[in-house]
Every structure is written in structure tokens, then in C-alpha cells.
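Report on the structure given below.
Read-outs throughout are calculated quantities, based only on the coordinates presented, and are distinct from any laboratory measurement. Just so it is clear, the model here is predicted, and its values are computed rather than measured. Cβ placement follows ideal geometry from the backbone for every residue including glycine, while neighbour counts extend to all protein chains displayed.
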Amino acid sequence: MKRSSVGGLVLAGLMAVLLTGSASAGEGEAAKRIAVVNVSRVFKAYKKVQDIQSNLEKQFKQTKDSLEAEEDGLRKDVQATGPEFDPEKKRDDLQKAQNMQIRKFDLERKKFEFLNLVEKARLEEMKQVLKEIRAAISAVGKGKTIDMVMRAPEFDWEGRPDGEQPDGEAGDETAPRTSTELVRRFRENPVLYFSAGVDVTKDVIDKLNDDYEKAGGTKK
């Protein structure tokens with residue numbers, strides 16, 4: 001299914017809920033309550049995500065440093081070959097060139113395996129984080145007797161990440177470079193308008209960090 005179709009279904013569903021709520025309210029029932037959560041903000045503010053990144057860096061630092069040292073050594077050996085170095089005419093130079101090619105091949109393989117190992121570890125951690133975020137959203141929604149929680153817009157009306165204020169060059173780097181990118185970001189926003197009162201992002205962040213602190217994680 002195309003993005004535009006998905007976006008249309010989401011908005012259509014939202015309108016259906018709003019209309020259903022209005023009809024029910026007219027019959028003496030309470031209107032449906034809807035809230036939004038900015039998932040990007042939650043990820044950035046959840047202290048466990050920051051700790052996971054820090055722990056992964058510590059866990060794999062020794063291997064990372066070793067690979068960087070090996071890469072630096074290979075680079076120096078390549079640079080050390082002077083103008084007299086000629087693998088096509090000298091047997092010793094040919095042997096050195098072949099050895100450096102083998103070292104480069106082995107290094108690239110080790111770097112590839114290392115990145116896959118790091119990504120696998122990060123993936124497992126992120127699975128748990130997503131489960132906790134969903135649980136926190138559900139808990140906040142139930143606590144506030146909310147009927148539906150939707151994902152808040154990730155981008156502002158100019159296509160910049162929501163919540164980031166443009167400031168000289170740094171702000172320009174977040175702006176879309178093409179009309180295609182601008183339209184893509186607009187289509188990815190499942191909610192086109194909401195009032196401040198329906199944004200429960202902070203409640204979700206506070207619950208996640210409070211629960212994480214109680215479980216022994218980083219304190220505020």
C-alpha cells in the first residue's frame with residue numbers, strides 16, 4: 001500500500017472516530033477522547049535509550065579501537081611505499097602489494113562483521129525499548145481515560161523536525177532540500193492539527209523515565 005493511501009486511511013479513521021463521538025454525544029454519551037504522542041521526542045528523551053547507546057559504546061570499545069589501530073597501521077604502510085615501489089617490476093614489491101591487499105580484505109571483513117554484531121545488539125535493545133514505549137503510551141492513555149492515541153506530526157509545516165527551531169546553518173540543515181522531500185514529510189504526518197491539550201508526549205516521557213529510575217536506571 002502506498003504512503004498516500006495509508007495516510008488517507010489514517011485520516012479517514014480519525015474522522016470516523018470524531019464523527020462517531022459527535023453522534024454518540026448527541027445521544028447522551030460522552031464524546032471520544034483522542035490524544036497524540038511525538039514518538040521521536042520520546043526516543044530522544046527516554047534516558048534508557050541514552051544509556052543503551054553509552055553501554056554499547058563501552059561494550060564494543062576495545063574491538064572498535066583495535067580495528068581503528070589496524071586500519072591506521074595499514075594506511076601508514078601504504079603511505080610508506082615510496083616512488084621506487086613498483087609491483088610490476090619488483091618481486092618483493094609485488095609480494096608487499098599482495099600482502100597489503102590481503103590485509104585490506106581481512107580488515108573490511110572484520111569491520112563488516114563488527115558492525116553487524118553491534119547492530120544486532122542494538123536491535124535487541126530497541127525491541128525492548130519499543131515494547132516499553134507502547135506500554136507507557138497505553139498506561140497514560142488508560143490513566144487519562146483516552147479512547148485513542150495517535151502519532152503526532154514528526155515535522156513542522158516547513159518540513160523541519162518538529163520541535164527544532166531553525167538557527168542559521170544548523171536550522172538550514174534540517175530543512176527539506178527538494179519539493180519531493182517536503183511532500184514526503186508532509187504525508188508522513190498522520191495528524192495535521194492538534195491542540196496543546198491533547199499532546200501527552202511529556203506524560204509518556206515522564207512515565208518511562210520514572211519507571212526506569214525505579215528499576216535502577218539513570219536518575220533525573
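When you filter the trypsin sites (Lys or Arg not before Pro) in segment 87-119 for DSSP loop state and at most 11 other Cβ atoms inside 10 Å of their Cβ, you are left with K89.
Among the GluC sites (Glu not before Pro) within segment 83-158, those in coil by DSSP and having at most 10 neighbouring Cβ atoms inside 10 Å are E84, E88.
For segment 46-90, the normalised intensity computed at q = 0.28, 0.30 Å⁻¹ comes to -0.92, -0.97 (log10 of I(q)/I(0), Debye sum over alpha carbons, equal scatterers, no solvent). Converting phi to 3J(HN,Hα) with the Karplus coefficients 6.51, -1.76 and 1.60 and the offset θ = phi - 60°, segment 72-86 yields 5, x, 5, 4, 5, 5, 5, 5, 6, 6, x, x, 7, 5, 9 Hz in sequence order, with x at every glycine or proline.
Maximal additional length on extending the E68-S54 stretch stands at 3.1 nm, based on 0.36 nm per residue less the C-alpha distance. As a calculated quantity, the FRET efficiency between Q79 and L123 at R0 = 30 Å, using C-beta atoms, amounts to about 0.20. Residue order for T180, T81, fewest other beta carbons within 10 angstrom first, comes to T180, T81.
Arranged from fewest to most other beta-carbon atoms within 10 Å of their beta carbon, D86, D199 become D86, D199. Under 5 Å from the amide H of M150 lie the amide H atoms of A35, V36, V37, each residue being 5 or more positions distant or on a separate chain, with H modelled from the backbone and absent for Pro and chain starts. Using θ = phi - 60° in the Karplus curve 6.51 cos²θ - 1.76 cosθ + 1.60, the 3J(HN,Hα) couplings for segment 35-47 round to 10, 10, 9, 8, 5, 4, 5, 4, 4, 5, 8, 6, 5 Hz; x is entered for Gly and Pro.
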